[in-house]
Amino acid sequence: MAEIDLSILLLCIPVMAVAGFIHGALGLGFPLVATPVIAVFIDVKAAIILTLLPTVTVNIASVLSAKNIGATVSKYQPLMLATLVGGVAGSILLAVTDPSPYRLLLALLIVSFLLTSHFNFSLNIQPTTAMMILFGVFAGCAGGITNVTVAVLIIYFLSVKVERSEMIPAMNLCFLVSKSSQMVVFLVLGVINLMTLLYTAPLALVSFVGLKVGQSYANRIPADRYRNILKVILLVLAAVLVIQFFIGLSRSA
């Protein structure tokens, strides 16, 4: 964080506000917007660290504002626990390895899902405990390595045809356990410290304000349009991941 100057922090303020607004309106999307934009100016790993506390803050606020959260926890407990395990594993990998190959793998997965969805091929996924564990571990690993837990979770929830009112709080619970576990892992491994969290606290506040403004627009998006927006988000994510992969290759060449 000492290497990030004031100009970068000032740039992050509108980025965090917009990302918070989008997350509030859609129920997801904060790290998807904030991380790639910030990563244009600094290292991807540093961008993930910079967005860590703001992401956790947005996730906590989203969970606290959800209705019937107890029932959601009960129903999706296997998915949450598996995401926690995957998040720890993915965060350790991010701390010690180059994440570029994982980005390409995740991008290929997203494209495969979009193609099957476009041509109406059924993935034949049932909302069983085994499927929740499988997707949860994969989602947690993806979040720890690439900061895009949501890509895998969207594929799962769209495949089992879960309604938006149930999907959003369930995903935010998974986001929360994934990013919280990453924060703990980074603290234990010395990747970040308490000063890092203090350094990014103002950005977390800006993100929270953006979230609250966005939540006031959430119910204005029709269900069919919402599902189409999610698919567009996946397509953009795949493109960003591929670009990051080739940027990593060019830097290592």
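The values are calculated or read from the model by the stated rules, or taken from the named source; none is laboratory data. Given the structure is predicted, the values throughout are model-derived calculations rather than measurements. Virtual Cβ from ideal backbone geometry, glycine too; neighbours counted across all protein chains shown.
Which number in (1) farther than 18 Å from Val185 by Cβ; (2) of a type outside the set (S, T, N, Q); (3) free of Cβ contacts under 8 Å to residues at least 24 places away in the same chain marks the one condition that Gly20 misses?
Status for Gly20: all satisfied but (3).
What's the number of the only condition in (1) free of Cβ contacts under 8 Å to residues at least 60 places away in the same chain; (2) within 17 Å of the chain's Cα centre (by Cα) that Ile229 fails to meet?
Of (1) free of Cβ contacts under 8 Å to residues at least 60 places away in the same chain; (2) within 17 Å of the chain's Cα centre (by Cα), only one is false for Ile229: (1).
Residues in the range 110-129: is at least one modelled with pLDDT of 85 or more and either of a type in the set (Phe, Trp, Tyr) or farther than 22 Å from Ile38 by Cα (or both)?
Checked against the condition, which is being modelled with pLDDT of 85 or more and either of a type in the set (Phe, Trp, Tyr) or farther than 22 Å from Ile38 by Cα (or both), the range 110-129 yields at least one hit.
For Thr72, indicate whether it is polar (S, T, N, Q) and touching a Cys at 6+ places or on another chain (Cβ under 6 Å).
no
Looking at Leu81, is it at pLDDT 80 or above and surrounded by 22 or more Cβ atoms within 10 Å (Cβ to Cβ)?
When the stated conditions are applied, Leu81 does not pass them.
Take Ile243 and tell me if it is surrounded by 12 or more Cβ atoms within 10 Å (Cβ to Cβ), under 18 Å from Val18 (Cα atoms) and not basic (Lys, Arg).
No: the conditions fail for Ile243.
Mind listing whichever residues of the range 194-208 are touching a helix residue (DSSP H, G or I) at 6+ places or on another chain (Cβ under 7 Å) and not hydroxyl-bearing (Ser, Thr, Tyr)?
Leu197, Ala201, Leu203, Ala204, Val206, Phe208
Out of the range 136-150, which residues are modelled with pLDDT of 80 or more and crowded, with 24+ Cβ neighbours inside 10 Å?
Passing the criteria: Gly136, Ala139, Gly140, Cys141, Ala142, Gly143, Gly144, Ile145, Thr149, Val150.
To keep it simple, each residue is scored yes or no on (1) touching a Ser or Thr at 6+ places or on another chain (Cβ under 7 Å); (2) in a loop (DSSP other than H, G, I, E, B); (3) surrounded by 16 or more Cβ atoms within 10 Å (Cβ to Cβ); (4) touching a residue at least 60 places away in the same chain (Cβ under 8 Å).
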{"position": "Ser74", "(1), (2), (3), (4)": "no, no, no, no"}
{"position": "Arg103", "(1), (2), (3), (4)": "yes, no, yes, yes"}
{"position": "Ile125", "(1), (2), (3), (4)": "yes, yes, yes, no"}
{"position": "Ala130", "(1), (2), (3), (4)": "no, no, no, no"}
